[in-house]
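Read the structure below first, then the notes.
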């Protein structure tokens, strides 16, 4: 695929996405995304809270000792965890950034378009399979209804 064909296809995809996004569909998508983000947030908070409760239940004296700095432990558990998180984040970002920089320089590209072209030629082409069922859904409710209908079809075909 040449650069001109790739950019034309990207522009066509963007135009299709822009025309398909009606204000009502956008509003529904925002509500669905907000719902999923809320569920994920509560799951994370619940998991963290349960872990803290289990640690406190397992050894209450050490749990209390880890909350505040003492003579035996000059740094509290929370401060130690934050420091570890900071260094871990630094090493992760620096490592991935360094890897990306080295790959970029070894490939000798100047912009993202060149990088995409070179990677397209270097990597094997993935065969495209035809879909077995529907791919586009108006909302999560539409997706769930489709899953229910397909399940009922499978059950009725096994039963007969």
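The values are calculated or read from the model by the stated rules, or taken from the named source; none is laboratory data. On a predicted model such as this, the values are computed, not experimentally measured, just so you know. Using ideal geometry, Cβ is built from the backbone for each residue, glycine included, and neighbour counts are taken over all protein chains shown.
Close contacts from segment 119-145, counting a first residue that is within 30 Å of residue 105 (Cα to Cα) and a second that is in a loop (DSSP other than H, G, I, E, B) and at pLDDT below 85, with Cβ to Cβ under 7 Å and a gap of 6+ residues or different chains, come to 120/1.
So, restricting to helices (runs of 4 or more DSSP H) that lie completely within segment 52-160, which ones have at least 3 residues that are closer than 30 Å to residue 33 by Cα and out of contact with any helix residue (DSSP H, G or I) (no Cβ under 6 Å at 6 or more places or on another chain)? The qualifying helices (runs of 4 or more DSSP H) are 77-107, 140-159.
Here residue 69 passes the criteria (1) free of Cβ contacts under 8 Å to residues at least 60 places away in the same chain; (2) farther than 22 Å from residue 52 by Cα except the one numbered (2).
For residue 101, the conditions (1) surrounded by 10 or more Cβ atoms within 10 Å (Cβ to Cβ); (2) within 27 Å of residue 24 (Cα to Cα) all hold with the exception of (2).
The set of residues in segment 17-69 being within 20 Å of the chain's Cα centre (by Cα) and within 19 Å of residue 141 (Cα to Cα) consists of 29, 30, 31, 32, 33, 34, 35, 36, 37, 38, 39, 40. A single member of 144, 67, 80, 112 is at pLDDT below 90 and closer than 30 Å to residue 30 by Cβ, and it is 112.
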